[in-house]
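The values are calculated or read from the model by the stated rules, or taken from the named source; none is laboratory data. These figures come from a predicted structure and were not determined experimentally. Neighbour counts are summed over all protein chains in view; Cβ atoms, including those assigned to glycine, are modelled from backbone coordinates with ideal geometry.
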Amino acid sequence: MKKGLHALFIMMAFVLVLAGCGKNATTTEPSKNTNLGSAPAEESAGPVTVQHKRGELTLDKPAKRVVTLEWTYTEDVVALGVQPIGNADNTYYKVYVTNEAALDDSVTDVGSRSEPNIEAIAALKPDLIIANADNNSNVYDQLKAIAPTLEFDPYDGDGYNYDKMTTIFNTIATALGKEDKAKEVLSNLDQHYAEAKEKLAAAGKENFHFVLTQAFTYQNAASLRMFSDNSVVAGTLNKIGLVNDWQPDKLENYGFSTVGIESLSKVQDSNFIYITQPDDDVFGTAMKENSVWKGLNFVKEKRTYQLGSTTWTFGGPISSKVLVDGVVEAISK
Amino acid sequence: MSLTQQETKPAMNWRMISIYGGGLTALIVLFFVSLCYGEAAISLHDVWGALTNRQGTLEHNMVWDLRMPRTVIGILAGGALAVAGALLQTITRNPLAASDTLGINAGAYFVVVLGAILFPSILSQSPFLFAAMGGLVAAFAAYFMGGGRTSTPVRLALSGMIVSMVLGSFTSALHIFFSMETQGLFLWGSGTLVQNDWTGVSYVWPWVTGVTLLALILSKQWDMLELDESTASSLGQKVGLARTSGLIIAVILAAVIVSVIGPIGFVGLVAPHLVRLSGVRSNRLLIPGVFIWGAALLVGADVLAKMIHNSSMELPTGAVMAIIGAPWLIWLVLTRMKAGNGAGMTTSMSTGGRVRRFAFTPIAILFSAITILLLLLSTMFGGMRIPLADLLPSLFQSDGLFSGIVQLRIPRTLVAAGAGAALAISGVLIQMAVRNPLADASIVGVSSGAGLGAMMVFILWPGLPMYVLPVAAIAGAAIAAAVVFSLSWKKGLNPSAVVLLGIAMSAIAGAGIQILIVRGAVYGSSGYIWLTGSTYARTWDQVKVIGIFLLILVPVAWWLARKFELLVFDDNSASGLGVNVRRTRLMAMTVGVLLAAGAVACVGTVGFIGLIAPHMVRLLTGHKLRQSMFLSALAGAMMLVLADTVGRTVMAPTEIPSGILIAIIGTPYFLYLMYRSNWRKAMK
């Protein structure tokens, strides 16, 4: 609970920034094409058709002015070398998502992810909106009235697993006319996995067993999201030959089970990889005198590994790369 | 209540044995069962081994350092809340008093959450001080709003519930604005007993045991409060002292618990009643018995919570406790309350307004003008501001500069106006029917029923199309109200019975909502915002829904108004005037409930408008139902349109849910109103 004051400052800064944005929106006509950095030559110019939750969507030409309402898609767009013109909740995007997928200052904040500001989106005059079914399905019709809208539901079916991640990434790439770039990104990623595997082999860590958790304090007690194989993070680590030991009886749609530290006894022989926020040191001082924590084999044998706090666990290709880098560095020390 | 201690000794002893013996047995059994349940599979044999012969194994450590603290904190919390409840019941001479019904839990919790955001360093050292302060203020507010010493049990329970509602919506506001900071606090504000280690217990136990012992030592002095008022007051100052010490002890106990495990209701209500059933009256015997039963109840609830636990999240113990406790309240009402004609229900419709009465026509014109002005202004402000010069062309032409945006705003504003009006009229009707100025649709369980219905659609069947949502909300509201009405039918729809059953119903539905939120896990946030009342992104679809409700129900209410007006008199005089009181009351409540259900289906559970708008109007003008319906409707529309406009403007592009703004705007007014009504009464 030590994070309040810090957060208050962020909040105040946030409000100021937003106030600024609001004013800009009233006075300036949206400027044209300030966003794109890549060469137009490689882009296809004709109509593009993509599949999404609501069926088929055809755009007359690839989209250039994109508004993203969930960070996963924001990151996908950034990975394609495009800055969105609008994104939901820029402030916490910076807190949770790696700065390898950083947003420019030019990106307008359009409000919270759960209730993005429809008017602010309309004012940006986008030519594509990418929405998340979980939060935005009730405003789909309104979004569609503003601009063609792609809606994804990452958590239906098997959840947001690795294949789903690449499917959504490729779909977005098609809509933006960036299919070549997407191929390049994914093949670079595969290359990166191969190199990571070599590094692990060199360190003698191939077929390394792990459990991965994102943990936070819930009412003074540790609450752990343990990622199962239907999550993109576990899928990514499988790609570099690691083996997930968290195998629950029932796979949750979000790709993780939420448990307390008691459940760690089931996987105490595995290796414990964790992500926590800097102001919420779940496994630090609070656990120092905890007999259960100290009694777990991976704690006794010092097999716990911390990753950076901006390792976004529901991300796209960039997050996967950052995760691999973080894990390789942590475990081959 | 008369003193009945001079009973025959054997009967008394037998009762003592059943209370203490039964309670202790239950507690010991539950204690052991509670140690056996948890996330890891630990065999019975291992649990027993851990208890009798602790080795340093992981299993034994889990039993001792994870499960044991959780169970022990359950015992301490249950006991403390039960003792607090028993004391509050004694000192207010009110069987419905408890730290949750008096708003103490909500007050303490609100201040803890606020403290976590503003003064995290102080809070981590002494959360108790914050909690105690909040609890005390809330208790006083509820007590004085409820009419102080002259209050009836129901009125006190109502004002406590309103204080809880106000503070609850403040707390939700904090949760929404500071979601990243507060998500760690508690499971959406309902208590849970999860413990990492013994720190919680070591913080709580000196307070709980010390203060409970103090209560035992002082117990004799509270016995005189059970005497009737005249005898007690002849004892003079001692009574005041006894009351004050009792209140302070109760608040300390509740605040300590809330600052560690969050607000948990119903323990303080159920446990003392259970023990009192045996006929125990003297506080010296009551307090230990109540402690044991409170502990057993809460540990039992926690065992159930752990059994229902699934791999996605834990069920809050507070929700389980509500599901156990609320039926008890229903049973209490059904068996203990005399069927009847509302005798003894002396609440007055007056809120002391008779200062100045204005003629109806000028006020009606003024209100209409303000409403229209607000509607226009509302289309100017939002995520972007439209200059006045551009507004009119954009409003009336489809190709104006801002036509697109205005098209987004118009339906939203109209929904706000319609829902506000519906809620206000509903408030007028329900206050009239239950003859209590503190009632509105949420009191008879409509809001939580609607919320539960909608949440089910949100979370259990997320694939269903969105238009099912209002249908589900209306169905939920209708079912909740129907249950309340049918249970209280035998009581002649007696206002007190309706209100109490409504509170119980709300608690059950509220617990259901919490269970669904927990099941739906982390990302159901838009559902949560919907529950706090939101005019976000409403379209012509909702305008149609609320329009249909208003077009059908308002004429009905208008037509029946003459009949409804007679409900203001007490039941005997009303039937003397030839009214079938029960049927008329049912009609008024049905129309009120349906209107509120329509509003909830469109904008979520916006509170307070149904409470405040009718008050405001009553203050300005007379009691004529048609007039007050008209003016209240306009007042309600103004309030919600204003809240909608402000909410989408001040923090743009982030939106503030209208329900929260209404609570923030409405609370001071409401407190003022309550203060004033009691102050005037005291002057008379």
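Observations on the model:
- Residue, modelled with the lowest pLDDT, within segment A:58-72, restricted to residues that are aliphatic (A, V, I, L, M) and either crowded, with 24+ Cβ neighbours inside 10 Å or touching a His at 6+ places or on another chain (Cβ under 6 Å) (or both): A:ALA63
- If the condition is being over 27 Å from B:VAL270 (Cα atoms), assigned to a loop (DSSP other than H, G, I, E, B) and either within 14 Å of chain A (Cβ to nearest Cβ) or at pLDDT 90 or above (or both), then segment B:2-61 contributes B:GLU39, B:ALA40, B:ALA41, B:ILE42, B:SER43, B:ARG54, B:GLN55, B:GLY56, B:THR57.
- Any hit, segment B:378-396, residues being buried (at least 17 other Cβ atoms within 10 Å of the Cβ), modelled with pLDDT under 80 and more than 14 Å from every other protein chain (Cβ to nearest Cβ): yes
- Residues located in segment B:533-551, provided they are assigned to a loop (DSSP other than H, G, I, E, B) and either more than 11 Å from every other protein chain (Cβ to nearest Cβ) or farther than 25 Å from B:ALA173 by Cβ (or both): B:GLY533, B:THR539
- Screening the candidates B:THR101, B:THR92, B:THR25 for the property of being over 22 Å from B:GLY300 (Cβ atoms) and among the polar types (S, T, N, Q) yields one hit, B:THR92.
- The residues of segment B:174-195 that are polar (S, T, N, Q) and modelled with pLDDT of 80 or more amount to a single one, B:GLN195.
- Wholly enclosed strands (runs of 3 or more DSSP E) of segment A:184-293 bearing at least 2 residues at the interface with another protein chain (Cβ under 9 Å from one of its Cβ atoms) and out of contact with any Leu (no Cβ under 9 Å at 6 or more places or on another chain): A:221-227
- Qualifying residue in segment A:143-150 (condition: closer than 30 Å to A:SER332 by Cβ, aliphatic (A, V, I, L, M), surrounded by fewer than 21 Cβ atoms within 10 Å (Cβ to Cβ) and modelled with pLDDT under 90): no
- Filtered by the rule that a residue be part of a loop (DSSP other than H, G, I, E, B), surrounded by fewer than 21 Cβ atoms within 10 Å (Cβ to Cβ) and in contact (Cβ under 8 Å) with a residue 12 or more places away in the chain, segment A:294-309 gives A:ARG303, A:GLY308, A:SER309.
- Scanning segment B:652-665 for residues that are farther than 14 Å from B:TYR536 by Cα and either charged (D, E, K, R) or surrounded by fewer than 21 Cβ atoms within 10 Å (Cβ to Cβ) (or both), we see that the one that is nearest to the chain's Cα centre (by Cα) is B:ILE664.
- Test for B:MET321: is it touching a Phe, Trp or Tyr at 6+ places or on another chain (Cβ under 9 Å), modelled with pLDDT of 65 or more, surrounded by 22 or more Cβ atoms within 10 Å (Cβ to Cβ) and under 30 Å from B:LEU452 (Cα atoms): yes
- Residue in segment B:651-662 that is in contact (Cβ under 8 Å) with a residue 60 or more places away in the chain, more than 14 Å from every other protein chain (Cβ to nearest Cβ) and of a type outside the set (Ser, Thr, Tyr) present: yes
- Taking segment B:78-173 and the helices (runs of 4 or more DSSP H) fully enclosed by it, the elements with 3 or more residues that are out of contact with any Asp or Glu (no Cβ under 8 Å at 6 or more places or on another chain) and at pLDDT 80 or above are at B:104-118, B:127-145.
- Entry remark, segment B:254-303: residues being over 24 Å from the mean Cα position of the chain (by Cα) and outside any helix (DSSP H, G or I) number 6 in total.
- Cβ separations smaller than 8 Å between residues 6+ apart or across chains give the following pairs from segment A:71-88 residues that are in contact (Cβ under 8 Å) with a residue 12 or more places away in the chain to residues that are assigned to a helix (DSSP H, G or I) and among the charged types (D, E, K, R): A:LEU80/A:LYS181; A:GLY81/A:LYS181.
- Qualifying residues in segment A:144-177 (those that are within 11 Å of chain B (Cβ to nearest Cβ) and more than 17 Å from A:GLU56 (Cβ to Cβ)) - the one farthest from the chain's Cα centre (by Cα): A:ALA145
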